[in-house]
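Following: one structure in structure tokens, then a few remarks.
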Amino acid sequence: MPDVRKFLTADERLKELQRDRKALRRERMIREVAGPVWHRMVRVVPLSFEGQGRLVARVLLASREDVIEALRPDAVFAVDTAMRLAHGAGFLAIQEVQAYLVGEEPLNRLATAGLISSDDYFDSIVVRPWPGPTRLLACLVDELPPSREVQGGYRVVTRERLGRELVGTVGPRADLFVLYEKVEGIETPGAPESRTASSPPDPPERRPRS
Amino acid sequence: MLVGSSGLFGFETQVPALTEDIDIAVPEATVARHGREIVEALQAQGFEHQPGTASFIGPENAVFDLLGHGEAEEGDHAGGTDALRVMVFEDLSRLLATPQTTMELPSGGRALRPASFVVVSLAERAHKGAKDKLQALLVLAERGEDEAFEAEVGGLLAGVDPERLADLRAAAQAAVFSLQKDPTFSDAGAEGYSSMRHQAEVGLERLSALLERLNA
């Protein structure tokens, strides 16, 4: 097979570098516009929901609320669903169900009850910019992550993990991160009603229940 | 001087370089003065010069690139003569101006010290692809328990201006994000790092802690 590698001249490399610098200037401008929130957000180590275990997508055959209720004993809700259950507001436009589960038993139970499809749905991209049916995105894990209990008795991921999941799902989006900070009541230096503590404590953490 | 990904060949590490091309930095002044002799000497050893570039292909198709280092104040620029033109990077030039950032190799020549490798890879060309950032994070994760190493990295980071530190932090986060998002991670040359996601996260946590200590 012929070698198609292109060797660049020093001038071509310099042009490439100048393009990089231009992109960097744009990033710095975005950072400047975002203000202090950018600096807080970029300190977060992203956590990929789908990377925590085996991700399974099932199509919802009932309302989102019914599926969430049916999963209540088994699931630790994650990502957008966690934020909606905890605070009534989410950060993704499409309202699906993201949850950590141990094993497939809950999926089989919900399928038998006619709440979700029996078969896996081929498309398990968490944030999809194309249309499709509303899904349950279940990340099957060996052990449920640490959680907190919110109104209604649902278990959702901890405050800190939710921030990491947000950045791990949509990337460093200052507009969404600031929403997360606001709904979680995380104090930000210089904010109008800032308290002395940097962040209110999480409600008592619940250790994983499998 | 071994630089770029090839810096990983210069010290003991489990982090694979993945790419086989070798980057070697030479003083810009040497290239300007002896460019033609360098090309001829390499050709005599069987390395084919790619005309107009600073790339050479060896007898067994090993590729290596020459680049220059010089006065950091002159910024990024192309140096050398028509016989051999090299790219001179400001960041690398600044770092190499301090002799303690490099070490002698047993087989001859010099290489970046592990801490210098980490800082150069993170800071150089902040917008560059994720491969270099991931390599740096993986070395940070691997050597994180080594206090002397960590202090050395902290010392080098302290010399980077605050805006560049913000670039560096964002680029490192973006590299980890890219790795997490794409299970078949397709950043050129970095595909083999997809199985090292957890270690890259550990490296990012360590970098974050170091930057916190610098109040950056």
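The values are calculated or read from the model by the stated rules, or taken from the named source; none is laboratory data. On a predicted model such as this, the values are computed, not experimentally measured, just so you know. Cβ placement follows ideal geometry from the backbone for every residue including glycine, while neighbour counts extend to all protein chains displayed.
Observations, loosely collected:
- For the range B:38-55, the tally of residues that are within 20 Å of residue A:8 (Cα to Cα) and either outside the structural domain of residue B:23 (by TED's automatic domain parsing) or in a loop (DSSP other than H, G, I, E, B) (or both) stands at 5.
- Number of the condition not met by residue A:84 [criteria: (1) free of Cβ contacts under 8 Å to residues at least 60 places away in the same chain; (2) farther than 21 Å from residue A:125 by Cβ]: (2)
- Selection of the range B:158-175 for residues being small (Gly, Ala, Ser) and at the interface with another protein chain (Cβ under 7 Å from one of its Cβ atoms) yields B:166, B:170.
- The listed residues are B:3, B:26, B:15, and the only one of them that is away from chain A (no Cβ under 12 Å), under 22 Å from residue A:6 (Cβ atoms) and touching a residue at least 24 places away in the same chain (Cβ under 8 Å) turns out to be B:3.
- Residue list for the range B:56-92, restricted to those being touching a strand residue (DSSP E or B) at 6+ places or on another chain (Cβ under 9 Å), at the interface with chain A (Cβ under 9 Å from one of its Cβ atoms) and part of a loop (DSSP other than H, G, I, E, B): B:76, B:89
- Unique residue being acidic (Asp, Glu), within 28 Å of residue B:40 (Cα to Cα) and surrounded by fewer than 18 Cβ atoms within 10 Å (Cβ to Cβ) when the list is B:71, B:145, B:90: B:71
- Given (1) more than 24 Å from residue B:175 (Cβ to Cβ); (2) out of contact with any Pro (no Cβ under 6 Å at 6 or more places or on another chain), number of the condition residue A:143 does not satisfy: (2)
- Leading residue by the ranking (farthest from the other protein chains (Cβ to nearest Cβ)) among those in the range B:46-55 that are in contact (Cβ under 8 Å) with a residue 12 or more places away in the chain and out of contact with any Phe, Trp or Tyr (no Cβ under 6 Å at 6 or more places or on another chain): B:46
- Any chance residue A:124 is buried (at least 20 other Cβ atoms within 10 Å of the Cβ), closer than 30 Å to residue B:170 by Cα and of a type in the set (S, T, N, Q): no
- Of all residues in the range B:25-44, at least one satisfies being small (Gly, Ala, Ser), out of contact with any Ser or Thr (no Cβ under 8 Å at 6 or more places or on another chain) and surrounded by 18 or more Cβ atoms within 10 Å (Cβ to Cβ).
- In the range A:96-122, the residues that are farther than 14 Å from residue A:133 by Cβ reach residues that are of a type in the set (S, T, N, Q) and assigned to a strand (DSSP E or B) with C-beta atoms within less than 9 angstrom, at least six apart or across chains, in these pairs: A:100/A:147.
- The range A:66-102: number of residues that are farther than 21 Å from residue A:180 by Cβ and not small (Gly, Ala, Ser): 9
- Residue match in the range B:74-82 (condition: buried (at least 20 other Cβ atoms within 10 Å of the Cβ), in contact with a Leu (Cβ under 8 Å, 6 or more places away or on another chain), among the aliphatic types (A, V, I, L, M) and not assigned by TED's automatic domain parsing to the domain that holds residue B:157): no
- Selection status of residue A:94, surrounded by fewer than 20 Cβ atoms within 10 Å (Cβ to Cβ), at pLDDT below 95, assigned by TED's automatic domain parsing to the domain that holds residue A:59 and in contact with a Lys or Arg (Cβ under 9 Å, 6 or more places away or on another chain): yes
- Residue among B:9, B:117 that is surrounded by fewer than 18 Cβ atoms within 10 Å (Cβ to Cβ) and either assigned by TED's automatic domain parsing to the domain that holds residue B:136 or in contact (Cβ under 8 Å) with a residue 40 or more places away in the chain (or both): B:9
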